[in-house]
Amino acid sequence: MPRAGWMSGRLSPLAAPAFRYFFLGQVVNRTGSSMAGVALAFAVLDISDSASDLGWVLAAWSVPSVVFMLLGGAIADRLPRAVVLRGCNLVQGVVQSLTAGLVLSGHAEIWHLVVLQFAAGTVFAVSYPAFLGMVPILLPVEERKAAFLLIGQAQSVVGIAGPAVSGVLVATAGAGWALAVDAATYLVAAGLLALVRLPPGDRSNARPSVIGDFVAGWAFARQLGWVIPAASASLVFNALVSGAIGVLGPTIAADTIGSEGWGVARSGQAVGVFVAAFFLARVTLRVPLRAIMIAFAVWCVPMVVLGTHVTIWLLTASFVVAGAALGLLDLAWNLTVQEKVPEEMLSRIMSIDGFFSFVATPIGQLAVGPLALAFGASQVQLGCFAVAVLVAAFAATRRTITDVRLTGAASAS
């Protein structure tokens with residue numbers, strides 16, 4: 001039965017109380033996280049003006065998030081996902097509070113940030129697959145596309161202001177204050193998730209141990225056939241973006257447009273996600289994985305600007321385009337998984353995808369500094385974009401990618 005009034009259309013998923021609290025928790029969480037990325041980067045650069053040191057700090061987060069993600073997916077499928085997310089938010093709040101305290105007090109050293117980011121990455125390895133498995137258990141199939149777009153739009157709204165505000169805070173009050181805001185949002189999100197009440201899912205096929213659950217999930221991913229090839233292509237793109245944009249981008253910005261300019265430009269990606277959602281709501285995706293590969297290449301467009309002529313507005317425009325591509329690929333992947341994967345396997349499949357997608361991220365973060373010293377930052381940016389285009393063109397023509405079709409049906413049982 002269709003809902004009337006303001007709860008119709010795009011906002012209809014909010015009529016479900018459990019989804020509403022989950023949604024609010026993620027918006028609050030995202031508000032802090034959108035500020036933390038810029039703040040952490042410039043906190044490191046204030047301690048040591050080195051792209052290599054920034055790479056080590058970012059890699060300290062990436063390595064455990066990848067290493068432990070496969071087990072994290074099995075844990076998230078085995079336990080109530082809302083409880084898992086609540087616990088992860090509490091731990092993340094404590095970790096980020098310690099980070100903010102060290103930075104604000106002036107006692108932060110690179111090794112402190114490495115240790116704390118390692119802890120944060122370990123927690124992310126569990127929270128990421130749990131988060132991605134929530135929507136299909138909160139809403140019926142006909143509401144899920146609207147929910148995915150709503151989450152993306154809401155996160156992009158706070159993402160528009162977050163990096164820009166963080167850039168201003170970094171330039172005026174200091175990076176520690178933005179990190180303190182992030183710590184507070186984790187704790188608020190944990191409180192909102194405490195209000196999510198869900199019946200236990202069917203776990204009659206669960207193995208006696210977490211390892212057994214992981215093995216079963218791996219076997220199912222191989223049976224599907226498309227999970228590992230798609231994630232392997234994602235591996236390349238994430239390594240390129242994490243290095244060229246995540247590490248080398250702030251160092252180029254520091255010498256050109258500054259932290260404020262970098263924050264404004266990064267906000268453009270959120271604008272792209274927000275605007276694209278209005279169009280994606282009217283689009284029917286039939287060959288989702290091919291769309292994802294094309295979107296991945298477009299996501300790398302800011303590398304061209306960073307490698308040629310950096311101005312605030314040109315870089316911001318490129319991030320708007322990248323954000324639109326990111327909105328498309330997120331929606332296409334979420335719709336594919338929720339249609340093709342049963343609920344009790346969701347977090348494991350998402351964790352397998354996450355593992356392959358992020359496993360090379362530390363390599364990109366650590367390699368880009370030495371490469372920039374050897375060949376120049378501009379040449380590295382343009383080289384990374386060329387690799388992205390070639391990989392996208394190859395992957396988009398593979399049958400394992402093009403044969404996956406969406407029908408709009410409910411997930412397999």
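Numerical summary
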| read-out | value |
| --- | --- |
| Sparsely packed trypsin sites (Lys or Arg not before Pro) within segment 338-413, loop by DSSP, other Cβ within 10 Å at most 14 | R405 |
| Segment 19-89 - Kirkwood radius from inverse mean 1/r over Cα pairs (Å) | 14.5 Å |
| Label-point separation, A194 to V168 (7 Å along Cα→Cβ), nm | 3.3 nm |
| Fully extended contour minus Cα-Cα distance, from S105 to F375, at 0.36 nm per residue | 93.5 nm |
| Test item: Cα-centred dipole of segment 156-314, Lys/Arg +1 and Asp/Glu -1 on Cβ, debye | 620 debye |
| Chain lengthening between A184 and F278 when straightened (0.36 nm per residue, less Cα-Cα) | 30.7 nm |
| Stretch gain in nm, segment D46-I363, where the contour uses 0.36 nm per residue and the Cα spacing is subtracted | 111.8 nm |
| The chain, helix-only ellipticity at 222 nm - DSSP H runs n ≥ 4, -39,500 (n - 2.57), divided by all residues, nearest 500 | -25500 deg cm²/dmol |
| For the chain, built as a Gaussian network whose Cα springs stay under 10 Å, the top-fluctuating residue of W111, W56, W218 | W111 |
| Spherically averaged projected area in nm², based on the convex hull that wraps the Cα atoms of the chain | 18.6 nm² |
| Positive-end residue of L179, P140, F68, charge dipole of segment 29-183 with Cβ unit charges | P140 |
| Span from the segment 82-148 Cα centroid across to the segment 40-81 one, whole angstrom | 10 Å |
| Gaussian network model of the chain, springs between alpha carbon atoms under 10 Å - residue of V67, V103, V320 with greatest fluctuation | V67 |
| Rounded to the nearest 20 debye, dipole of segment 263-376 from Cβ charges on Lys, Arg, Asp, Glu | 240 debye |
| Sequence-distant residues sharing a close amide H with M134 (under 5 Å, placed H) | none |
| Cβ charges +1 (Lys, Arg) and -1 (Asp, Glu), total dipole of the chain, debye | 1260 debye |
| Segment 169-185-segment 341-413 distance, computed between alpha-carbon centres (Å) | 31 Å |
| Positive-end residue, the chain charge dipole about Cα centroid, Cβ charges, pick of A16, H112, G167 | A16 |
| Modelled FRET efficiency - R0 35 Å, V304 with A15, Cβ distances, 0.05 increments | 0.20 |
| Inter-label distance for A393 and W313, nm, one decimal - labels placed 7 Å from Cα along Cα-to-Cβ | 3.3 nm |
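Read the figures in this text as sums done on the coordinates, not as results from a lab. No experiment lies behind these values; they were computed from the predicted model shown. Here Cβ is always computed from backbone atoms with ideal geometry, including for glycine, and neighbour counts include all displayed protein chains.
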